[in-house]
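Below you'll find the structure, written out as structure tokens, and then a few comments.
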Amino acid sequence: MDLLIPDKVHDESRQGEALVLEPVGKNNGRKLYIESYGCAMNFSDSEIVASILAEKGFETTSDFNTADVIFINTCSIRENAEVRVRNRLKEFAGAKFRNPGMVVGVLGCMAERLKAKFLEEEKLVDVVVGPDAYRDLPNLIDQVDSGQRAVNVLLSREETYADISPVRLNSNGINAFVSIMRGCDNMCSFCVVPFTRGRERSRDAYSVVAECKDLFDKGYREVTLLGQNVDSYKWSRTVAESGEALSVGDEIKVVNFANLLEMVALVSPELRVRFSTSHPKDITDEVLHTIAKYDNICNYIHLPVQSGNSRILDIMNRTYDREWYMNRIDAIRSIIPDCAISTDIITGFCTETEEEHNDSVTMMDYVKYDFAYMFKYSERPGTLAAKRYADDIPEEVKQRRLAQIVAKQQQYSLYRMQARIGKIEKVLIEGFSKKSDKDYCGRSDQNAMVIFPVSEDYKPGQYVNVLVERTTSATLIGTIV
Ligand code: SAM
Ligand code: SF4
């Protein structure tokens, strides 16, 4: 039971979603079906893949039975994510049987983790492509067409796909993800990401701003800047490269995350800016002051704690302890008083005692998180934890600890939501609510979902002030004022 409270970055309801684009005019007569699993970064990558193949004349389809190429963009973060993908591959077998010329490809983190082994394990699969090799896809498809199976899992120190403007045609036209960096240089001992997504690299700051400006001009009103550790974003270019006069004596212009946030916020005060994920060891007061300075940078920070116990944090290799994390929470509360905070927590990490688990519970009491993503520890082959520590907490203990923190979080989510009753929230209308087209839904600055009756005077993409009248633990309900 992994509990995911609905959110755009880890959106459970989007798992397995197929990406469908309007034809771009080039047509090679072949259809692409692509579905995605895992985090927002993977969904954003699928848009890059679709853009690369649209250039080669592929059209997308939402029905894999009619496809010439099926791609599945995979996640390796926990074992159950991989099991899901394996089961899905079995479902593609019938389509491939009926159409033997069909190309089936595995993309993303599982491709990177298992490499050519995938071709041995899954006879159905023709092509295996890691997250840094998507530009090679047209060649790899040609290779499969000529009768070979194809693999490219080379990781890169430079690839950021900065020049590819992703197509986003099955989005709502209001919110978009913008990738600002790739990979991760942290070596959290439980995590497979550094092995599947390679070294951290930051994307050209000006290409990020240009993409956000383009989105704004097309009617988008919210961007979420994505990276595994956005606070370590760092990009530089020399005066010679930039061709512009920088400050006197400045040989190199360095853009850190606070600078980038400001640059994106300045695109327009009507463009909301969100970001994910922050790392407790790297989030600076400069970033917090930048959030406080600009109304359009949302007052919401996802700050994964993973554990509230310093010994467990140490063996998780998170490089901060309980006191450091609390200090960062205190800094957020003092610099941005009305900031929502969410987190990730893992229960039952190797050797975790009841007392140590209880430190995670008391951390929840300290912060009173607005949301949390809570997971049982899942050992991942090749990680530092898999090599160094036994996965020694019995399944039922992991489960009990998880159930305890899930119940606690539900109380705090409700507590945070109830505190908004009687307040006026500025909401960006995203569309009709899932349950009724008589209601609109949208998010508050603090990222809470808000539902309110439709008014003819307002359309999706506009901001409205909503008076909150009642609440559930996941939704605020009110009326436009
Ligand atoms: N880079 C982000 C960070 O540092 O928080 C997010 C990384 S990961 C995609 C999202 C979350 O999955 C992590 O924060 C962690 O709580 C969880 N996770 C990662 N590896 C895990 C594992 N082996 N078992 C259980 N949960 C895991
Ligand atoms: Fe994984 Fe840690 Fe990097 Fe997040 S910061 S992606 S948890 S290694």
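The values are calculated or read from the model by the stated rules, or taken from the named source; none is laboratory data. From a predicted model like this one, the values you see are computed outputs, not experimental measurements. Quick reminder, even Gly has a Cβ in these numbers, built from the backbone with ideal geometry, and neighbours come from all protein chains shown. We work out accessible area using only protein heavy atoms, side chains counted, and drop any ligands, DNA or RNA first. Shrake-Rupley method; radii C 1.70, N 1.55, O 1.52, S 1.80 Å.
For (1) closer than 22 Å to Asn172 by Cα; (2) open to solvent by 60 Å² or more (accessible area, probe 1.4 Å); (3) touching a strand residue (DSSP E or B) at 6+ places or on another chain (Cβ under 8 Å); (4) of a type in the set (Phe, Trp, Tyr), each residue gets a yes or a no:
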position: Glu47; (1), (2), (3), (4): yes, no, no, no
position: Phe58; (1), (2), (3), (4): no, no, yes, yes
position: Ile70; (1), (2), (3), (4): no, no, yes, no
position: Val85; (1), (2), (3), (4): no, no, yes, no
position: Arg88; (1), (2), (3), (4): no, no, yes, no
position: Ala93; (1), (2), (3), (4): no, no, no, no
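Of the set (1) modelled with pLDDT under 95; (2) part of a strand (DSSP E or B); (3) among the basic types (Lys, Arg), all apply to Lys426 but (1). The condition (being in contact (Cβ under 8 Å) with a residue 24 or more places away in the chain and assigned to a loop (DSSP other than H, G, I, E, B)) is satisfied by just one residue among Ser44, Ser76, Ser51: Ser76.
Applying the set (1) within 15 Å of ligand 1 (Cβ to nearest atom); (2) in contact (Cβ under 8 Å) with a residue 24 or more places away in the chain to Tyr366 leaves exactly one unmet item: (1). Return the pair list, or none, for Cβ contacts closer than 6 Å from residues in the range 422-436 that are on the phi > 0 side of the Ramachandran plot to residues that are part of a loop (DSSP other than H, G, I, E, B), at least 6 apart or on different chains. Between residues of the range 422-436 that are on the phi > 0 side of the Ramachandran plot and residues that are part of a loop (DSSP other than H, G, I, E, B), the close pairs are Gly431/Asn172; Gly431/Pro460. Of the residues making up the range 157-190, those that are touching a Lys or Arg at 6+ places or on another chain (Cβ under 9 Å), within 16 Å of ligand 2 (Cβ to nearest atom) and within 20 Å of Ser276 (Cα to Cα) are Ser179, Ile180, Met181, Arg182, Gly183, Cys184, Asp185, Asn186, Cys188, Phe190. Exactly one residue out of Thr353, Thr347, Thr383 is within 28 Å of Gln446 (Cα to Cα) and either open to solvent by less than 30 Å² (accessible area, probe 1.4 Å) or at pLDDT 95 or above (or both), and it is Thr347.
Asn317 passes all but one of (1) away from ligand 1 (no atom under 12 Å from the Cβ); (2) open to solvent by 30 Å² or more (accessible area, probe 1.4 Å); (3) not in a helix (DSSP H, G or I); (4) not aliphatic (A, V, I, L, M); which number fails? Only one criterion in (1) away from ligand 1 (no atom under 12 Å from the Cβ); (2) open to solvent by 30 Å² or more (accessible area, probe 1.4 Å); (3) not in a helix (DSSP H, G or I); (4) not aliphatic (A, V, I, L, M) is unmet by Asn317, namely (1). Does Pro138 satisfy the condition of being more than 16 Å from ligand 1 (Cβ to nearest atom) and touching a Lys or Arg at 6+ places or on another chain (Cβ under 8 Å)? So Pro138 passes the test.
Residue by residue, here is whether (1) touching a helix residue (DSSP H, G or I) at 6+ places or on another chain (Cβ under 7 Å); (2) of a type outside the set (Asp, Glu); (3) under 30 Å from Arg311 (Cα atoms) holds:
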| site | (1), (2), (3) |
| --- | --- |
| Arg388 | no, yes, yes |
| Glu395 | no, no, yes |
| Lys408 | yes, yes, yes |
| Ser444 | no, yes, no |
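If we keep just the residues of the range 256-282 that are within 16 Å of ligand 2 (Cβ to nearest atom) and over 18 Å from the mean Cα position of the chain (by Cα), which is surrounded by the most Cβ atoms within 10 Å (Cβ to Cβ)? The extreme case among them is Asp282.
Inside the range 425-445, residues that are buried (at least 20 other Cβ atoms within 10 Å of the Cβ) and either among the aliphatic types (A, V, I, L, M) or out of contact with any Ser or Thr (no Cβ under 7 Å at 6 or more places or on another chain) (or both) make up a count of 9. In the set (1) within 29 Å of Arg416 (Cα to Cα); (2) away from ligand 2 (no atom under 16 Å from the Cβ), Phe375 fails one condition alone, (2). Residues that are in contact with a Cys (Cβ under 9 Å, 6 or more places away or on another chain) and either farther than 22 Å from Val273 by Cβ or hydrophobic (A, V, I, L, M, F, W, C) (or both) within the range 196-217 comprise Thr196, Arg197, Gly198, Arg199, listed in sequence order.
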